[in-house]
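I have a structure I would like to understand better, so I am pasting it below and will then ask my questions one at a time.
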Amino acid sequence: MNVSRAIRVLFSRTPVAGAPAPRRAAPSSARRRGRAAVAWFAVMVVAIHAAALLALQDPRLRDPEYGLRAARLRDRIAENPGRPLVLVVGSSRTAMGVSPAAWEEVRPNDPARQDPLLFNAAVLGAGPVMELMTLRRVYADGFRPAVVLIEYWPPFLHNQDQWVETNRIAVDRLMDCDRELVRGYFPRPDRTEWEMDHRRRNAIYANRERLLMKVAPRWLPAARRADAGWTGLDAWGWVPGFDLKPDMTDWRAKAVANCSDIYRPLFAKYKVAPDADRALREAIALARDHGAAVGLVYLPESAEFRGLYPRRVERVAREHLETVSRDLNVPVIDCRTWMPDGAIVDGFHLSKTGAADFTRLFGPAVAAAFPAAGVKP
């Protein structure tokens, strides 16, 4: 075969005279193979979705901020049998402010005493509704704390306008045990439950960012990464805050001023929202129904931030706290002025060093407040 004839054979669909005819599969055989390929593809898609759906049932993937803490809590309980568990729930102020490891360093550790086993179960952005959500999950997972301490903070009781707490709860972190909370506190519970079910039916696509956060977080833009609540999480549920240096006074002043700009508008129209009050009272009742003693904790604020409260807001918040404490016979551990301003980064978040110093004071205060719950001072 000369060169021109070879080229025609390669590029022409028309058989060249004398060239052997290509073999073709029988039409029925080709169709069977095609159908088999489609069937296998469908099976693989279903299998992958089923695997993703199963994986998302694990709280460490569905909501790592809670799930990772729950796993660490099991480990701490196993390591400390017999010690009464004191579970602290709250917002980022608690997450960064209560460092049980610092208490472990200084607790008496006397065999004749039962030092409280402090554990930090806080969730960033949590007000009363998210605190209730956390407690519901804690009891659904079989934990039985001797004492539950609930952070009390007036700004997160406002729960109105852009401060509506349920807006801070991403649908893809909700679990089946959260449905009752959704029905009781979300403004459009039917829509939220539909979205929850939709994300389960479309496990990979609807939860793609959640899955990426677990396997390849750098693929997500920084603004869309939701790992602040568990980045650096220690064995006791604490998330380290900033560590202020002596030469950071200007930086801290700017941080305080920025928070002032955020919270002044809230205080201008402040009131305690009925849903926030209801959720707080429900959380207290839930813990007591499961045999726990309950206390409210007002964490440290700097003098600058305390100065932002108008007299009316200060009065409303204090009256509400006193009313809840009196109505439900709940003790209050008021730590608001315990720490110097230099230990508080932006007015209400403790620094890394400040959290350790604070918790060394907090542990004995908890032990003194709850001797009847098996926690001995």
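Between ARG191 and ALA368, what length comes free when the chain is fully extended (0.36 nm per residue of separation minus the Cα-Cα distance, one decimal in nm)?
On the way: separation 177, 0.36 × 177 = 63.72 nm, distance 4.60 nm.
Taking ARG191 through ALA368 to full extension adds about 59.1 nm, to one decimal.
Starting from the Cα of ARG35, step 7 Å along the direction of its Cβ; do the same at ASP75; then give the gap between the two resulting points in nm.
Result for the modelled spin labels: 5.3 nm.
What does the charge add up to near GLU322, with Lys and Arg as +1, Asp and Glu as -1, over the other residues with Cβ less than 12 Å from its Cβ? Mind showing how you got there, number by number?
Values: positive: ARG315, ARG318, ARG326; negative: GLU319, ASP327, ASP334.
Combined, the nearby Lys, Arg, Asp and Glu give 0.
While we're here: Using a Förster distance of 30 Å, how high is the FRET efficiency between ARG306 and LYS245, based on the Cβ-Cβ distance and rounded to 0.05? Kindly include the intermediate steps, with their values, before the conclusion.
Values: r = 24 Å, r/R0 = 0.80.
The computed FRET efficiency comes out at 0.80.
Run the numbers for ALA101 and ARG326: contour at 0.36 nm per residue of separation, minus the present Cα-Cα distance, in nm. Intermediate results must be reported in sequence, preceding the final value.
Values: separation 225, 0.36 × 225 = 81.00 nm, distance 3.25 nm.
Value of the extension gain: 77.7 nm.
FYI, it's all coordinate maths here, none of it is from the lab. What you are looking at is a predicted structure, and each value in this text was computed from that prediction instead of being measured. FYI the Cβ positions are ideal-geometry reconstructions off the backbone, even for glycines, and counts take in every protein chain you see.
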